[in-house]
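Let me begin by presenting the structure, written as structure tokens, before commenting on it.
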Ligand SMILES: Cc1cc2nc3c(=O)[nH]c(=O)nc-3n(C[C@H](O)[C@H](O)[C@H](O)COP(=O)(O)OP(=O)(O)OC[C@H]3O[C@@H](n4cnc5c(N)ncnc54)[C@H](O)[C@@H]3O)c2cc1C
């Protein structure tokens with residue numbers, strides 16, 4: 001795999017001190033409660049990859065495509081590392097290398113889609129476009145920030161964000177209740 | 001790497017609480033230190049019984065077990081040097097009891113310091129240890145490291161806040177240590193032994209902590225200094241005056257420049273600043289302390305002194321200090337801030353001399369160092385700023401560090417004030433504690449005869465920290 005875009009972040013990956021300040025506010029982490037889903041961990045994986053210590057894999061690619069771009073990690077990183085920008089560049093490199101994974105990026109149910117193009121106009125990240133020839137909505141997964149605007153705006157309920165990254169809604173609510181019970185005395 | 005019986009472990013913690021994919025193991029091999037090593041498996045236990053069962057299995061199969069909180073430790077304490085089982089304790093994060101009548105709370109080890117304080121705040125009390133990393137550090141990690149922080153000058157370190165704990169031992173036994181009372185003289189203080197043991201003697205599975213009332217008034221002051229010496233002398237003068245600050249923090253010019261670059265906070269570009277705070281239930285008492293400290297600063301040529309009682313303003317001023325360590329990487333292009341030689345403590349009277357020495361040693365060895373820290377409690381922080389991809393810089397760092405500790409020991413200081421020993425500080429620690437190493441090894445042997453709990457750390461760590469594990473940085477050969 002070539003790291004055409006990631007390469008320029010080498011210094012930033014060095015200055016990340018792996019303190020973990022980025023992850024207490026990461027809601028992906030709060031739901032899965034696995035360290036492996038934190039921004040810090042994703043940077044560790046990318047560092048390992050560009051330095052040849054671990055092989056790029058679909059598993060790693062999927063992790064990098066799992067992010068809601070709330071950017072709290074960027075705000076909390078006091079070493080000033082542009083964490084989510086690094087993810088976006090890494091995604092583009094993964095796509096170039098032929099990895100076809102979804103992570104939390106948005107999708108379209110072609111059977112329901114009326115090709116009205118609302119999602120294309122609403123997407124402020126320019127991740128959606130219309131393939132006029134094939135009459136299909138195209139999604140640039142490197143650019144999609146899983147904000148959910150397409151899903152909210154789609155009149156045919158065709159655009160959607162994959163839900164439940166290994167955690168069901170019931171489990172999520174159970175986790176929150178358990179935590180709250182613990183703190184109410 | 002040790003072979004582990006994945007199916008058996010799945011049976012203990014459940015399918016969802018185990019990871020052994022290579023990528024996941026790579027992640028769990030790292031903390032905030034310069035070290036990295038792969039574990040064999042990661043488990044996320046949710047009950048004490050599960051931990052007991054894991055320990056019984058590991059003890060019979062001689063598999064290392066490394067408890068891990070937020071992995072914000074800076075000396076490689078949670079890095080699995082010999083592989084083995086990582087116990088990710090963050091799932092055990094319930095606050096079990098807040099007992100206002102008897103002034104204690106019981107918590108699981110994965111509770112994050114700030115989360116505990118958020119809850120305690122509604123009762124008008126707080127757990128005062130306050131390491132700069134409080135937003136991530138877990139109570140288990142704080143106990144295992146004997147963490148301290150900005151307010152330790154008044155409220156002490158973790159050891160002063162712990163009343164007792166439940167601990168799972170290497171053989172799976174569950175012990176109740178300490179008491180729920182303020183004082184205890186019932187034999188060996190085994191709870192104290194666990195504090196600072198860095199996961200080498202037992203797994204803390206529950207802690208009983210005391211708390212204190214939140215003071216009604218807090219005042220934060222900032223004093224500027226034209227020389228580091230003057231700032232250092234001021235610390236000593238404040239502490240020996242009988243004043244009772246709740247914080248005295250030093251930041252030298254390297255620290256100020258780094259924070260301004262990374263955070264754009266506009267701190268004054270002077271040689272050093274001291275942040276000092278006093279707190280209390282009555283404003284007059286706080287005024288009294290602040291006035292006393294302010295006068296001492298002025299007497300030692302401190303100038304431009306600003307004071308603030310306002311909570312928001314205090315938070316803003318303090319943000320720079322809170323984010324200092326990671327900000328240091330912004331000091332110079334191509335340089336990274338490495339967690340090395342980072343938290344010695346020296347007697348107050350040696351503060352100024354030590355701060356000066358740190359810079360002399362750094363200059364001599366082609367690295368950049370900063371002198372800052374919770375100096376009110378005697379803690380002097382430094383970090384090594386260097387190009388971590390260059391092999392020669394690791395030799396420079398090795399030399400600088402050994403010179404720094406030589407100085408620290410010559411002035412009756414100690415290797416670590418709060419971040420612990422782990423791997424990277426073990427060589428200096430072994431020199432300092434040369435006469436007690438055998439006693440420490442005997443304790444370890446008695447409590448963990450098969451040496452499975454976080455092996456090869458502290459007194460048993462390799463003599464050369466640079467080669468103790470693979471470095472987390474890729475170094476050009
Ligand atoms: C930016 C930054 C600032 C910091 N500032 C401070 C500071 O001001 N003061 C300070 O004291 N420290 C500070 N630290 C260091 C570190 O955050 C603290 O020492 C903290 O207490 C470690 O907690 P943790 O949960 O991250 O533990 P980890 O790093 O996960 O583990 C540390 C040690 O504790 C052991 N351990 C963890 N949980 C348990 C358990 N349940 N039972 C037994 N052993 C266990 C581990 O095996 C390991 O040996 C700082 C670190 C960073 C990155």
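In the stretch B:186-205, which residue that is touching a helix residue (DSSP H, G or I) at 6+ places or on another chain (Cβ under 8 Å) and assigned to a helix (DSSP H, G or I) is nearest to residue B:87 (Cα to Cα)? If you could, list the steps in order and put the result at the bottom.
First, pick out the residues of the stretch B:186-205 that are touching a helix residue (DSSP H, G or I) at 6+ places or on another chain (Cβ under 8 Å): B:192-205.
With the extra rule that they be assigned to a helix (DSSP H, G or I), the set shrinks to B:192-194.
Details: B:192: 22, B:193: 21, B:194: 17 Å.
Residue satisfying both the conditions and the ranking: B:194.
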Can you tell me how many residues within the stretch A:14-36 are in a helix (DSSP H, G or I) and either at the interface with another protein chain (Cβ under 9 Å from one of its Cβ atoms) or at pLDDT 95 or above (or both)? 4
Taking the conditions exactly as written (buried (at least 22 other Cβ atoms within 10 Å of the Cβ), more than 14 Å from chain A (Cβ to nearest Cβ), within 16 Å of the ligand (Cβ to nearest atom) and in a strand (DSSP E or B)), does residue B:208 satisfy them or not? yes
If residue B:279 meets every condition in (1) closer than 23 Å to residue B:155 by Cα; (2) assigned to a helix (DSSP H, G or I) apart from one, which number is that one? (2)
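I'm trying to understand the selection: among the residues of the stretch B:1-57, which are part of a helix (DSSP H, G or I) and within 10 Å of chain A (Cβ to nearest Cβ)? Reasoning before the result, please.
If we filter the stretch B:1-57 for residues that are part of a helix (DSSP H, G or I), which is where we start, we get B:6-13, B:15-17, B:22-27, B:48-57.
Within the stretch B:1-57, B:16, B:17, B:22, B:23, B:24, B:25, B:26, B:27 meet the criteria.
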Based on this model, can you work out whether residue B:150 counts as part of a loop (DSSP other than H, G, I, E, B), more than 14 Å from chain A (Cβ to nearest Cβ), within 8 Å of the ligand (Cβ to nearest atom) and under 23 Å from the mean Cα position of the chain (by Cα)? yes
What are the residues in the stretch A:39-74 that are within 11 Å of chain B (Cβ to nearest Cβ) and surrounded by fewer than 21 Cβ atoms within 10 Å (Cβ to Cβ), if any? A:50, A:51, A:52, A:53, A:54, A:55, A:57, A:58, A:59, A:62
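In this structure, is residue B:104 touching a helix residue (DSSP H, G or I) at 6+ places or on another chain (Cβ under 7 Å) and either within 14 Å of chain A (Cβ to nearest Cβ) or in contact (Cβ under 8 Å) with a residue 24 or more places away in the chain (or both)? It would help to see each step written out before you state the result.
Values: touching a helix residue (DSSP H, G or I) at 6+ places or on another chain (Cβ under 7 Å): no; either within 14 Å of chain A (Cβ to nearest Cβ) or in contact (Cβ under 8 Å) with a residue 24 or more places away in the chain (or both): yes.
No.
How many residues does the stretch B:318-365 contain that are touching a residue at least 40 places away in the same chain (Cβ under 8 Å) and away from chain A (no Cβ under 14 Å)?
Initially, the stretch B:318-365 is screened for residues touching a residue at least 40 places away in the same chain (Cβ under 8 Å), giving B:318-332, B:334-359, B:361.
Those left that are additionally away from chain A (no Cβ under 14 Å): B:341, B:343-359, B:361.
The total comes to 19.
Could you list all residues from the stretch A:54-82 that are in a helix (DSSP H, G or I) and either under 21 Å from residue A:99 (Cα atoms) or more than 16 Å from the chain's Cα centre (by Cα) (or both)?
Step one: filter the stretch A:54-82 for residues in a helix (DSSP H, G or I), giving A:58-64, A:72-76.
Answer for the stretch A:54-82, where residues must be in a helix (DSSP H, G or I) and either under 21 Å from residue A:99 (Cα atoms) or more than 16 Å from the chain's Cα centre (by Cα) (or both): A:58, A:59, A:60, A:61, A:62, A:63, A:64, A:75, A:76.
Quick one: would you say residue A:44 is in contact with a strand residue (DSSP E or B) (Cβ under 7 Å, 6 or more places away or on another chain) and either modelled with pLDDT of 95 or more or not assigned by TED's automatic domain parsing to the domain that holds residue A:148 (or both)?
Values: in contact with a strand residue (DSSP E or B) (Cβ under 7 Å, 6 or more places away or on another chain): yes; either modelled with pLDDT of 95 or more or not assigned by TED's automatic domain parsing to the domain that holds residue A:148 (or both): yes.
The answer is yes for residue A:44.
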So, in the stretch B:446-463, of the ones that are outside any loop (DSSP other than H, G, I, E, B) and touching a strand residue (DSSP E or B) at 6+ places or on another chain (Cβ under 9 Å), which residue ends up nearest to the ligand (Cβ to nearest atom)? B:453
Are there any pairs with C-beta distances below 8 angstrom linking a residue in the stretch A:12-39 that is not assigned by TED's automatic domain parsing to the domain that holds residue A:64 to a residue that is away from the ligand (no atom under 16 Å from the Cβ), with the two at least 6 apart or on different chains, and if so which? none
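The values are calculated or read from the model by the stated rules, or taken from the named source; none is laboratory data. Here the structure is a predicted model, which is why all the values come from computation and not from measurement. Because the Cβ atoms are built from the backbone with ideal geometry, glycine has one as well, and the counts that use them run over all protein chains shown.
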